[in-house]
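Read-outs: derived from the displayed coordinates by stated rules, not from any lab. This structure is a prediction, so every number in the text was calculated from the model and none was measured. All Cβ positions, even for glycine, are placed from backbone atoms using ideal geometry, and neighbour counts span all protein chains on display.
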Amino acid sequence: MGIDRKEEYDRWQVSGLSIRPMKRLMDRFSPRLLLSLLVVQSVTGATADGLLQAAPPTVTGLSPPVVQVGKTAEITVRGTSLEKLQGLSTAGGSLETVSIKKTRVRIRVKPDAPTGTWDTWARTADGLANPRSLQLVAHPVVVADETPDTTATPVPLPGTVAARLDRAADRDRFQFNGRRNQWVSVTCRSSSLDGTVSPILTLTAPDGRELAHSPGHLAEPTMTHRLPADGQYQVSVVDRGFLHDDGSHYTLTIEPGPRLWTTRPTAVIAGKPHAVTLLGYDLPGGTARGTAGLVTLPLKPPKLSGQLPYSGSRWPDRRPVGVLGSGFPLKHPGIGGDSWISISSEPVLPEPTAPNETSAQAHSLQLPVRVCGTFERSADVDWYSFKATKGQQLEIVGWGERLGRSMQLEAIIHDATGKPLVTLKPPVAPKSIGFDFPFTTSDPHANWTSPADGRYGIVVRDLLGGSLYGPERAYQLVIRSPRKRFTVFAAIGDGKTSAGLSIPAAGSAKLQVVVLRLGGWKGPVTVTAEDLPAGVTAAPTTIAAGKPVAQLTLKAGPKTPPGLSLIRLSATGTIGKAKRERAVLPLARIPAPGPAVRVADGLLLAVTPVAPAKPKSKKKATKKTSPTKPQP
């Protein structure tokens, strides 16, 4: 079918392209040819003056997304503009690049590399790509080939298998050898590896009986089960929606032995020793709790340890940016799994032992307080009461989703007669940032002003609690006077790019720094770059009072050597008479598949060589000759 020139001309006119030059081109060339040229321009980054700019490298996947610590492995890097690939790097320096063949990178994981999920950046001669998550494990890794749905891939115990769903409604099967009365935990990860699989797991006994089925609400389910007999067990993996795309990769980890499930309480006071009780399966020295197999194990304060978030290397997990709170993943030697522990500025109140399911049973609170509660029964609700004076302002915060739970908390304040006054709403991101800022959470977080002297009630419930309940359904409720504070994030470029932070010698690069102010504070914040490589400078920038965003510019001198550096940004602000300093948390924009904007493990800066100047065209000299005289 032919293309109508008038129709195409009108379409380009509406799209905002220059009309008169386009009309002249339309009159001379075919619309199909012009459309092809525009596509080429958008891909190559061609500018109006004819200069070509290299498109930034983009990584859409790492295969496999898991490697064993202390071993060598080959990883295929998928993406665009990767022709000049130079290697893979992490903020902690855990990887060494051994060799590169096109987009296949052979890496060696250092023996002392910490296990967990880490951002991994692809380095190219043209700059740094976006990160992708890479899982480091301490046991053998199996890379699964696609097999018929009825064929199971063997997995050692312990072991992790890297696999992908290759088509819609695909079902993968894996098998392992187990012993009678052996405790085994099976965990499937995809979203934390920037994948798109919503896994459902099924554990099958040697005789074909289904032993366990993972709940459908968990993004990355873990099943812990006591095996009934010696023999060969199977685990099947299927996507909850039977979907498939380029991001349908996942890992399946099967581990024997004790497993940590959660803790009581889920918070400790900053700077003070605090006893914590572990809840889990097969915990050595633990006490049985009910008939579900859970046991409790008290920990004495000296054994309580963990890593503060972003204490120098990484943010501990992939929760929403709206977390805005300190904490660490608690681990215990010889026990699999971990549990998030919040660091509280308020006194911590463990779950009340007396019933508090009605307003008449409301548990009286002394403010300030952080309540660590649990929804252990279907449709469970918890009531609390507190005193307030007229005009008193309180900051009330619920923590559920931001603790990594699949939870939708609701908190409603009532007066002394039981009349509901207000349903607390989630926080909102500041306006006028200019790019998509991933400040999203369903947890309630708001300031509330008491209308009169008296006692008030607050009821907390999980709107998903009709079917979801149990000892792991933990939440926190904080009630205090507003505490002035701030958190700062940094986005690369204009905040809309998925490229990593790169700067050419004799060039510059920009960062958008965004501040979230809480507790009614509106003061200015100054952001400073630290640990810059030699030859790179950055003048401090200030986010003005009441404003949400400012720009920080990095500049490289003409003789700055190429290289990769881990840099840090520090933010300072004065609250009252005290100067407060905070580490700036870097944001990473992850392109499809599995697009997301999240906090990265660190901020890497790649310095690239000076771009070669465009050679000037030389005109050939023409020899002047005298005209030939006509012959007589």
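The calculated FRET efficiency for Asp494 paired with Asp230, based on their beta-carbon distance and R0 = 45 Å, is about 0.15.
Taking amide H positions as modeled 1.01 Å from N, with prolines and chain starts lacking one, the residues under 5 Å from Asn130 and 5 or more places away or on another chain are Val59, Gly500.
Identify the residues of segment 241-263 with backbone N under 17 Å of a label point that sits 7 angstrom from the Cα of Arg171 along the Cα-to-Cβ direction, or state none. So the set is 241-244. Amide H to amide H distances under 5 Å link Leu243 with Ala169, where only residues 5 or more positions off or on other chains count and H is placed in the peptide plane.
The share of Cα pairs per 5 Å bin across segment 446-590, counted from zero up to the longest distance, runs 2, 8, 14, 15, 13, 11, 10, 10, 7, 5, 3, 2, 1, 0 percent.
Shown in residue order for segment 583-598 are the 3J(HN,Hα) couplings computed by the Karplus curve 6.51 cos²θ - 1.76 cosθ + 1.60 at θ = phi - 60°: 6, 7, 8, x, 9, 10, 9, 9, x, 5, x, x, x, 6, 10, 8 Hz (x for Gly and Pro). The DSSP beta bridges internal to segment 55-193 are antiparallel in roughly 75% of cases. In this structure, Arg568 and Glu146 have a Cβ-Cβ separation that, at R0 = 41 Å, corresponds to a calculated FRET efficiency of about 0.45. Taking 7 Å steps out from each Cα toward its Cβ at Ala429 and Arg179 produces label points 5.2 nm apart.
Length gained on full extension, Leu463 to Ala592: 43.3 nm, using 0.36 nm per residue less the C-alpha separation. Taking amide H positions as modeled 1.01 Å from N, with prolines and chain starts lacking one, the residues under 5 Å from Gly87 and 5 or more places away or on another chain are Arg123. Placing a label point 7 Å from the Cα of Thr449 along the Cα-to-Cβ direction, the residues of segment 384-416 whose backbone N falls under 17 Å from that point are 388-396. Per-residue Karplus couplings for segment 187-194, computed as 6.51 cos²θ - 1.76 cosθ + 1.60 with θ equal to phi - 60°, are listed in order as 10, 10, 10, 9, 4, 6, 9, 6 Hz, Gly and Pro entered as x. Each peptide in 226-237, 258-269 was scored by the mean count of other Cβ atoms within 10 Å over its residues; highest first, the order is 258-269, 226-237. The order of the peptides 379-387, 138-146 by mean Cβ neighbours within 10 Å, most packed first, is 379-387, 138-146.
In this structure, Lys522 and His217 have a Cβ-Cβ separation that, at R0 = 35 Å, corresponds to a calculated FRET efficiency of about 0.35.
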